[in-house]
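A short write-up of the structure that comes next.
The values are calculated or read from the model by the stated rules, or taken from the named source; none is laboratory data. Remember, predicted model here, so these are calculated numbers, not experimental data. With ideal geometry, Cβ positions are generated from the backbone for all residues, glycine too; neighbour counts draw on all protein chains shown.
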Amino acid sequence: MPDRRHLWRGIHDPEMVRSGVTITLVTNKERYRPGESVTATLTITNSKVGHYFPTYVTPRVVALAEMFDANGRPVPNSLEERVIAREVSPDLSRELADTRIAPGKSFVFRYRRPLNASGLRLKVMVTVYPDHFYTGFFESFLNQGAGKGAAQIREALAATKRSPFVLYEKELSLT
């Protein structure tokens, strides 16, 4: 163990997560003209995690791509998101979706949009929400009436809302 410390470094540790995945972003061209379409491919490879990424139902990873104009304003209808997670119902009784990445496999997000102006930029981000399931669980519990434990549940909810971090972020000039 580093420095004789027994650390449980998992999904809450940005550097640990970064060390387990490989992220690449490529476009089909370096520069575009208005009227052309940008095609960008974000690939997240589970290169060193050793198990599914993310591991279980608690975390959620969100990849998003969005274009911005020369003034930094979002281009309408340019936002696209993809979720990497194992999603289950709040009572854990059924699986809703499973888009996790198996060891050695990749998640590919292809973004394609027409460019309607010059000066556009593409921003791509991958954000990890380590406590996503707990956030929803605590919100649901409070909405149903948490009773004497409401203060502690509110504290726990606040902690879950502080846990997200940006795993990857890249901005490209398109024109």
Legend entry - Qualifying positions in segment 120-175 - buried (at least 19 other Cβ atoms within 10 Å of the Cβ), in contact with an Asp or Glu (Cβ under 7 Å, 6 or more places away or on another chain), more than 30 Å from Glu36 (Cα to Cα) and in contact (Cβ under 8 Å) with a residue 24 or more places away in the chain: Thr160
Legend entry - Residue check for Arg82: loosely packed, with under 12 Cβ neighbours inside 10 Å and modelled with pLDDT of 95 or more: no
Inset, instruction - Please list, ordered by first then second residue, the pairs with beta carbon atoms under 6 Å, 6 or more apart or interchain, first in segment 18-33 and part of a helix (DSSP H, G or I), second surrounded by 12 or more Cβ atoms within 10 Å (Cβ to Cβ). - result: Gly20/Lys48; Gly20/Val49
Inset, instruction - Considering only segment 69-175, give the strands (runs of 3 or more DSSP E) lying wholly within it that have at least 3 residues that are over 15 Å from the mean Cα position of the chain (by Cα). - result: 95-98, 106-114, 165-173
